[in-house]
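Asks: Can you read through this structure? Questions will come right after.
The values are calculated or read from the model by the stated rules, or taken from the named source; none is laboratory data. Keep in mind the model is a prediction, meaning the values are calculated, not measured. Glycine gets a Cβ as well: all are built from the backbone with ideal geometry, and neighbour counts include every protein chain shown.
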Amino acid sequence: MKRIYLDNNATTPLHPKIWEEMKDLFGSLFGNPSSVHEEGRIAKEKVEKARSNVANLIGAKEDEIFFTGSGTESSNLAIKGIAYRNKEKGRHIISTMIEHPCVLNTLRYLESKGFEVTYLPVDSKGQIDPEDVKRAIKRETILITVMCANNETGTVLPIEEIGRIAKEYGICFHSDMVQGLGKLKIDVNEINVDLASFSGHKAYAPKGVGFLYLREGLNLEPLIHGGHQERGLRAGTENTLGIVAMGLSASNLILEMEEDIKKMERLRSKLISGINETLEGVKINGDQERRLPNTINLSFEGVDGPSLVLLLDRLGVAVSSGAACTSQTPTLSHVLQAMGIPKEMIRGSIRISIGKFNEEEDIDYALSVIPYAVGRLREKYHRN
């Protein structure tokens with residue numbers, strides 16, 4: 001059966017160029033980067049080359065990049081690291097109601113340890129008002145953490161404006177930028193962000209590697225204690241192969257991202273137009289102006305979202321009913337709830353996320369089966 005993968009916000013396939021460059025290294029790049037012998041020096045050189053590539057991608061300095069095991073670890077390190085290092089100055093943090101669970105659950109943990117968190121609301125488009133950020137600031141505020149782009153709806157948040165506010169008040173600003181990598185042009189200096197989290201597997205690198213941008217001069221409390229790796233901020237022998245792959249991904253993005261964005265926007269527009277032309281009772285969720293180029297969140301009247309995902313999977317199309325990290329739990333999307341979308345429409349929602357390797361024929365096939373699948377489920381709903 002033909003398979004069409006349209007769940008790239010959950011994870012992306014490995015870039016073929018990365019595999020071609022990496023496959024020989026699996027047998028030869030085994031040295032410990034901390035060792036002083038030749039094998040160790042070779043591994044260290046590869047890690048530092050990757051660090052340079054990643055820094056160039058986001059407009060950072062090399063010594064502002066710290067490799068981690070995932071975007072989740074990066075966000076934990078940033079948020080807990082700032083909180084613990086600055087708890088004598090204050091214990092108040094500002095965030096939003098639509099953050100990724102890796103941020104929300106980290107904040108809930110800190111609340112259990114005596115920190116106070118203000119969760120800002122969003123409007124019906126999933127947008128926050130930067131003025132709400134300013135109004136929430138207290139003398140005890142030590143951190144603002146707001147995602148770059150929402151993983152479920154694709155709404156791009158006004159982090160540049162929030163960054164200016166944070167800088168004006170002298171407050172650290174962290175952004176979960178996992179979904180922005182490869183889909184938005186990112187310059188950490190232009191957006192006034194102090195810390196930013198990224199993940200490799202959202203950008204055609206393998207799973208198990210991420211990185212944290214930490215502005216020069218800021219200090220964090222480490223989460224993992226041990227050796228001196230990553231300048232003492234992230235102990236443990238480096239995932240050398242993953243880091244090298246992350247560096248190769250960064251190099252590819254520098255060369256390919258502009259065209260990738262145009263292509264994803266074109267395919268997204270075609271998919272939305274096709275669905276609107278063939279189906280009624282469809283609502284597109286999220287900001288339709290400030291959005292990622294690849295993401296579509298749709299609610300279908302009279303349809304159960306998880307059932308639609310399963311039926312489409314049997315028909316050869318992979319989509320999701322929300323974030324991958326929450327798709328196997330029975331709870332309604334906290335993001336769509338925060339936007340004020342009625343529960344019955346939330347239950348009928350799916351997320352389609354296009355990637356760089358999708359082509360016109362993939363969209364054509366998806367458009368041939370989505371109306372059929374929705375129609376079948378609506379018939380079943382009406383019979384019941």
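Asks: VAL178 fails exactly one of the following numbered conditions: (1) within 30 Å of VAL319 (Cα to Cα); (2) without any contact (Cβ under 8 Å) to a residue 60 or more places away in the chain; (3) of a type outside the set (S, T, N, Q). What is the number of that condition?
Replies: Answer for VAL178: the failing condition is (2).
Asks: Looking at the stretch 14-27, which of its residues are outside any loop (DSSP other than H, G, I, E, B) and surrounded by 10 or more Cβ atoms within 10 Å (Cβ to Cβ)?
Replies: Correct list: PRO16, LYS17, ILE18, TRP19, GLU20, GLU21, MET22, LEU25.
Asks: Which of the strands (runs of 3 or more DSSP E) contained wholly in the stretch 118-206 include at least 2 residues that are of a type in the set (Lys, Arg), under 24 Å from ASN9 (Cβ atoms) and out of contact with any Pro (no Cβ under 7 Å at 6 or more places or on another chain)?
Replies: Values: elements: 141-145, 172-176, 195-199.
Here the list is empty.
Asks: Something else about it: Which one of the conditions (1) in contact with a helix residue (DSSP H, G or I) (Cβ under 7 Å, 6 or more places away or on another chain); (2) over 30 Å from THR141 (Cα atoms); (3) modelled with pLDDT of 95 or more does THR68 fail to meet, given that it meets all the rest?
Replies: (2)
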